[in-house]
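The values are calculated or read from the model by the stated rules, or taken from the named source; none is laboratory data. Remember, it's a predicted structure, so these values are computed and weren't measured experimentally. Don't worry about glycine lacking a Cβ; one is built from the backbone with ideal geometry, like all the others, and counts go over all protein chains shown. Side chains included, ligands, DNA and RNA excluded: accessible areas come from the protein's heavy atoms. Shrake-Rupley method; radii C 1.70, N 1.55, O 1.52, S 1.80 Å.
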Amino acid sequence: MFLPNRNALHGKPLDAADAETLGIAGADTVERFLAHRDNHAMTPLHALPALAGELGLAALHVKDEGFRLGLGSFKALGGAYAVFRLVLEEAGKRLGRPVDVEDLDRADVRSVAAKMTFACATDGNHGRSVAQGAEIAGARAVIFVHAGVSDERISAIARYGAEMVRVDGNYDDSVRQAAQVAAEKGWTVVSDTSWPGYERIPGLVMQGYTAIVREALRQLSEPPTHVFIQAGVGGIAAAVAGHLAIVLGDARPTVIVVEPARAACIVAAAREGHVVKVAHDQPTVMAMLECYEASQVAWRVLARAGDAFMTVDEDDAIAAMRRLARPSGSDPVIVAGESGGVGLAGLVRATAENRTDLGLDGKSSVLVINTEGATDPHRYVELVGLSPVEVLAGKLIAQATP
């Protein structure tokens, strides 16, 4: 499915609150917080000239979030950042003085954090970020996971000291239960999706993702003409599209939002003109994108700054994983999880079916984001036929071969 943005708001400026969240000052704050993380490093931007040539493009770049902050996905930037902000805000209130990120290790701030509990629902990656942020700050985390989350992803979260709660049903069911239990117990929900009356914290999560865009623009010699970005509830897509609209204005690239055909809640919102819940049928292999209702905040941004919406099938996502693991020519090896290569999958489909609609041609420079590495290594082997270690070992051998 391919759907150009026909919304009356398309091309309009972002709402003031969203512009503040996703703007330059917010991105500056994110970078200041990242500078205090021991394992922070700019993630690589890979050029794929061979694949660009096959697709009839001038250039193709992949921003690789597979090693971000040791968590394996872009989500590392959102949940933990929101936890830090919330701990420092509460500490400032209780201590009666300004506190900032350099105060996170102070005994009085950690004493405040120790009395705070953060809860969230997750498919895997967001919960890992919230759990890590709580552990670093000295707070408690309770993470709700639905029936489809693998044991390996649960273990990856639990190792940060989080209490894990299994929920029957799908991701949306776990979101509702996390919110209900947190309200009863006085915990703080750090969700990557939003609903009426709950927008600020998801906004902080989205703000964390602006670091990806800022880094990519620094790494590229010039801005891309097109960006293909995947969506679950829409947070990363809105952060990318919104920040690009703010910093580049009329020179911003065309932004195409890509979703699994089996969980296309953003496409549904684009079709109806507002957020709707889509029916849950078969699960999708794109586990981190299996969401059935868009974030209110994310859709508000995408209605204005998203240019087209499309879906890809299961085989498209798997083919993208395999292509990145076994590249042609001088293209680098990239380990992409089931949801990581979905932006690329959308590009491949669009070059075959929607070139004219999107103005894709031999002058186009495209950016896609590998949003996750092999966050479930066993599943990666099943789909790609090689382990992440074997894929990366092949890269090292190729580099060493004269």
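Taking segment 334-380 as the range and being under 23 Å from the mean Cα position of the chain (by Cα), open to solvent by less than 20 Å² (accessible area, probe 1.4 Å) and of a type in the set (Val, Ile, Thr) as the test, the residues that pass are 334, 335, 342, 366, 368, 369, 371, 375. With respect to (1) open to solvent by less than 10 Å² (accessible area, probe 1.4 Å); (2) closer than 25 Å to residue 373 by Cα, the lone exception for residue 283 is condition (1).
Where in segment 47-137 are there helices (runs of 4 or more DSSP H), lying wholly inside it, with at least 3 residues that are within 13 Å of the chain's Cα centre (by Cα)?
Values: elements: 49-54, 79-95, 107-113, 125-137.
It comes to 125-137.
Does residue 165 satisfy the criteria of being modelled with pLDDT of 95 or more, outside any helix (DSSP H, G or I), surrounded by fewer than 19 Cβ atoms within 10 Å (Cβ to Cβ) and not small (Gly, Ala, Ser)? So residue 165 passes the test. Residue 124 satisfies every condition listed in (1) at positive phi; (2) touching a strand residue (DSSP E or B) at 6+ places or on another chain (Cβ under 8 Å); (3) open to solvent by 10 Å² or more (accessible area, probe 1.4 Å) except (3).
Identify, please: which residue in segment 9-46 is without any contact (Cβ under 8 Å) to a residue 40 or more places away in the chain and aliphatic (A, V, I, L, M) and is, among those, farthest from residue 355 (Cα to Cα)? If we take residues in segment 9-46 being without any contact (Cβ under 8 Å) to a residue 40 or more places away in the chain and aliphatic (A, V, I, L, M), then 35 is farthest from residue 355 (Cα to Cα).
If you go through segment 270-280 and keep only what is buried (at least 19 other Cβ atoms within 10 Å of the Cβ) and either touching a Gly at 6+ places or on another chain (Cβ under 8 Å) or not hydrophobic (A, V, I, L, M, F, W, C) (or both), you end up with just 270. Picking from residues in segment 168-181 that are among the charged types (D, E, K, R) and closer than 18 Å to residue 287 by Cα, the one that is most open to solvent (accessible area, probe 1.4 Å) is 168.
For the structure I just gave you, tell me whether residue 231 is closer than 26 Å to residue 3 by Cβ, open to solvent by less than 10 Å² (accessible area, probe 1.4 Å), of a type in the set (A, V, I, L, M) and more than 14 Å from the chain's Cα centre (by Cα).
Numbers: closer than 26 Å to residue 3 by Cβ: yes; open to solvent by less than 10 Å² (accessible area, probe 1.4 Å): yes; of a type in the set (A, V, I, L, M): yes; more than 14 Å from the chain's Cα centre (by Cα): no.
For residue 231, the condition - closer than 26 Å to residue 3 by Cβ, open to solvent by less than 10 Å² (accessible area, probe 1.4 Å), of a type in the set (A, V, I, L, M) and more than 14 Å from the chain's Cα centre (by Cα) - is not met.
The set of residues from segment 22-40 being more than 27 Å from residue 311 (Cβ to Cβ) and open to solvent by less than 60 Å² (accessible area, probe 1.4 Å) comprises 23, 26, 27, 29, 30, 31, 33, 34, 37.
Could you grab me the full set of residues in segment 218-243 that are in a helix (DSSP H, G or I), over 16 Å from residue 75 (Cα atoms) and out of contact with any His (no Cβ under 9 Å at 6 or more places or on another chain)?
Start the filter on segment 218-243 by keeping residues that are in a helix (DSSP H, G or I), which leaves 218-219, 235-243.
Subsequent filtering for residues that are over 16 Å from residue 75 (Cα atoms) retains 218-219, 241-243.
218, 241, 242, 243, listed by residue number.
Checked against the criterion of being out of contact with any His (no Cβ under 8 Å at 6 or more places or on another chain), among the small types (Gly, Ala, Ser), at pLDDT below 95 and over 25 Å from residue 195 (Cα atoms), segment 129-146 contains not a single residue that satisfies it.
Rundown of residues vs (1) over 19 Å from residue 75 (Cβ atoms); (2) of a type in the set (Lys, Arg), yes/no style:
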| position | (1), (2) |
| --- | --- |
| 140 | yes, yes |
| 143 | no, no |
| 147 | yes, no |
| 166 | yes, yes |
| 175 | no, no |
| 180 | yes, no |
| 183 | yes, no |
| 193 | no, no |
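Taking the condition of being open to solvent by less than 10 Å² (accessible area, probe 1.4 Å) and in a helix (DSSP H, G or I), how many residues in segment 296-319 meet it? Looking only at that region, the number is 7.
For segment 202-219, give me each residue that is in contact with a strand residue (DSSP E or B) (Cβ under 7 Å, 6 or more places away or on another chain) and open to solvent by 20 Å² or more (accessible area, probe 1.4 Å).
219
Taking segment 349-384 as the range and being modelled with pLDDT of 95 or more, in a loop (DSSP other than H, G, I, E, B) and not hydrophobic (A, V, I, L, M, F, W, C) as the test, the residues that pass are 354, 359, 361, 362, 363, 364, 371, 373.
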